[in-house]
Amino acid sequence: TGGAGYVGSHTLLELLRAGYRKVTVIDNLENGHAEAVPAAFDLQVQSTDDAALLTQLFQSLAPTAVIDFAAYLDVGQSQNEPREYVRNNVVNFKHVLDAMVRSGTKLI
């Protein structure tokens, strides 16, 4: 998740260099860019805030591992909007963890 952002997209390039070919990237593109995702990988434009839809996607993909980069990063904004940051960075991360459990994914 969050693979179309700066850190995520650079990780994708390393995965591509390492020979990984079956990679699905989940990103809502709020802060990421579709063109940052290598063409060899599948981009699913989706937010982690919809727990049911995320679980359905994980169950259909049956991932062996998950790398999570989906988060807000701006410290100043986090002080002005703490609830939004908790919702996005903590609650939505729990949605990822729950989807992993429900789909049998054990590696994060």
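Can you name the residue in the stretch 1-44 that is of a type in the set (Asp, Glu), surrounded by fewer than 16 Cβ atoms within 10 Å (Cβ to Cβ) and outside any helix (DSSP H, G or I) and, of all such residues, is modelled with the lowest pLDDT? Explain how you work it out, then say what you get.
Kept after step one, since they are of a type in the set (Asp, Glu), are these residues of the stretch 1-44: 14, 27, 30, 35, 42.
Restricting the remaining residues to those that are surrounded by fewer than 16 Cβ atoms within 10 Å (Cβ to Cβ) gives 14, 30, 35, 42.
In the following step, the residues that additionally are outside any helix (DSSP H, G or I) were identified as 30, 42.
Values: Glu30: 94, Asp42: 98.
Selected residue: Glu30.
Which one of the conditions (1) touching a residue at least 12 places away in the same chain (Cβ under 8 Å); (2) in contact with a Phe, Trp or Tyr (Cβ under 8 Å, 6 or more places away or on another chain); (3) of a type outside the set (Asp, Glu) does Leu43 fail to meet, given that it meets all the rest?
(2)
Considering only the stretch 81-90, I want to know if a residue exists there that is assigned to a loop (DSSP other than H, G, I, E, B), without any contact (Cβ under 8 Å) to a residue 40 or more places away in the chain and over 20 Å from Gly8 (Cβ atoms). Walk me through it before giving the result.
Let us first name the residues in the stretch 81-90 that are assigned to a loop (DSSP other than H, G, I, E, B), namely 81.
Retained after the next criterion (residues that are without any contact (Cβ under 8 Å) to a residue 40 or more places away in the chain): 81.
If we keep only those that are over 20 Å from Gly8 (Cβ atoms) as well, we get 81.
Checking the stretch 81-90: at least one residue is assigned to a loop (DSSP other than H, G, I, E, B), without any contact (Cβ under 8 Å) to a residue 40 or more places away in the chain and over 20 Å from Gly8 (Cβ atoms).
The values are calculated or read from the model by the stated rules, or taken from the named source; none is laboratory data. Everything quoted here is computed from the prediction, not taken from an experiment. Counting neighbours? That spans all protein chains shown, and the Cβs are built from the backbone with ideal geometry, glycine included.
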